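As structure tokens, the structure follows; a few thoughts come after it.
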Amino acid sequence: LPGGARATDNYPAARFGSPSSTIGTDKAGFVYAIVNRDQTPYLMRAGSKMMTAQLVPLPPGGAYMMETYMGGKVSDYPPVVLHYVINSDANTTFWARRHRLEMLIPTVENGQLRIGEPIVITENCVGMAAHSGIVNPVAADGDRLHLIWGATSDPQKNDPGVPTFTATYDRRTGTLSAPLLLAYAPPVNDVHNTSTLLVDSSGGRHAIIGSHGAPFQYLHSLPGHAEWTPPQKMSDVGQTYVGAVLDDKDRIDLFCRVWQRGAAFPGRYSAALYSQQMDADNRWKTARPFVETPLPGYGVFYHRVTVDRTGRAYLSFSYWSTWAAYRESFRNAGARRAGGEDRLFFSSADGQRWSLVTAKELEERIK
């Protein structure tokens, strides 16, 4: 409730919802999330030692993503918030619309949560696709905030994909660097091609360039350097929906959806959830199936991957197929997904051996 008030402090009952699955944390042990209160967006700050929460209003409209711990460097500040707002005068393509990308920087003063005015990063962002995978569009390295985004293109230019940029914002000086083009995420003008940026424990930056049915691309920047390696293709399969985290040895665990063709369903294709790992020397292993499905045609896993402070990775997913008989059998699948009833939950200490997680195991690890 606003100002940390309790529900008994004469506040009427309100309808709350969460427009984003990302949450943030700070070194003081507080948790941050984007919530809707009566359809108005707020940034929420809550602590486990106090049964209250602080809310500050956010600009209405658009979509939000929060800076989230993905392993590697730990920020000294509260997590920042990114805001994706459709430009009303922009041309529309089938898979993308031009957005303005803004960043909002929270502060805590005398125990009270505050949020600054929006900082415009770009007026041409392709948007954010967040239903599957989980990308890291902003990552902290001390006083610097590194950002990554894709842009829309003129259809007549024949770009090979979504031009993907990075820039750095300096908290001390309040300055934003010029955008740097990293790579093109195929195909062009497609919001599925959302990319991620990770900062490892030594300050090295890692960019995974998303795609919609093409191999992901990888770039690396050494600590303290502005230059990036050339983009390199990560696999020989069609990948979609980046979900990647760093473990305690600065290895990257990656999950994505892949179309498999011909093997299990000759003449057709099927969806599979693939895993891939990068070792500490920045070498990518072969992408391999983690989940294969019993039905041909379109499928999606709504997968999420995260990591805890010990470097243990966690994966959850919920399968959905457009196969007609499947849809008829699970007409309430949307409601079940919203309640988490169909979600499977795995964890791994090394990114290679994964096991199902029970509620009891999770509680023991938290303790």
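The values are calculated or read from the model by the stated rules, or taken from the named source; none is laboratory data. Here the structure is a predicted model, which means the values were calculated and not measured. All Cβ positions, glycine included, derive from the backbone under ideal geometry; neighbour counts span all protein chains shown. Surface accessibility is based on the protein's heavy atoms, side chains included, excluding ligands, DNA and RNA. Shrake-Rupley method; radii C 1.70, N 1.55, O 1.52, S 1.80 Å.
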Next on the checklist: Suppose all protein chains stay in the model; what accessible area per residue would a 1.4 Å probe give for region 112-239, in Å²?
Outcome noted: 39 Å²
Checklist outcome for this item: For 96-109, 244-257, ranked highest to lowest by mean beta-carbon neighbours within 10 Å, the order is 244-257, 96-109
Item to check | Expected-Rg normalisation [2.2 N^0.38 Å, Cα atoms] applied to region 176-229 | outcome: 1.21
Checklist entry - For the peptides 318-328, 116-126, what is the packing order when you average, over each peptide's residues, the other Cβ atoms within 10 Å and list the highest mean first? => result 116-126, 318-328
Checklist entry - Rounded to the nearest 0.05, what FRET efficiency do Arg309 and Phe330 have when you use their Cβ-Cβ distance and R0 = 45 Å? => result 0.80
Item to check | Potential lengthening between Glu123 and His225 on full extension [0.36 nm per residue; Cα-Cα distance subtracted] | outcome: 34.0 nm
Next on the checklist: Need one number: nm distance between label points at Val31 and Glu363, each 7 Å from Cα along Cα→Cβ, rounded to one decimal.
Outcome noted: 1.6 nm
Next on the checklist: Quick check: from the Cα gyration tensor, does region 219-345 come out rounded (a/c under 1.5), prolate or oblate?
Outcome noted: oblate
Next on the checklist: Just to verify a number: FRET efficiency for Asn282 and Thr40, C-beta to C-beta distance, R0 = 30 Å, to 0.05?
Outcome noted: 0.10
Next on the checklist: Using a Förster radius of 25 Å, what is the FRET efficiency between Asn158 and Arg268 based on their Cβ-Cβ separation? Nearest 0.05, please.
Outcome noted: 0.20
Item to check | Derived scalar couplings ³J(HN,Hα) [region 209-217; Karplus, 6.51 cos²θ - 1.76 cosθ + 1.60; whole Hz; x for Gly, Pro] | outcome: 8, x, 7, 10, x, 9, x, 5, 10
Checklist entry - What shape does region 282-339 take by its C-alpha gyration tensor, where a ≥ b ≥ c are the square roots of the eigenvalues and a/c under 1.5 counts as rounded, a/b above b/c as prolate, and the rest as oblate? => result oblate
Next on the checklist: Starting from 0.36 nm per residue, how many nanometres of slack lie between Val74 and Glu109 once their C-alpha separation is accounted for?
Outcome noted: 10.5 nm
Item to check | Packing rank of 175-182, 53-60, 137-144, where each peptide gets the mean count of other beta carbons within 10 Å, highest leading | outcome: 137-144, 53-60, 175-182
Next on the checklist: Students often get this wrong, so check it: of Lys73/Lys233; Lys73/Lys285; Lys249/Lys360; Lys157/Lys285; Lys73/Lys367, which have C-alpha atoms separated by over 31 Å?
Outcome noted: Lys157/Lys285
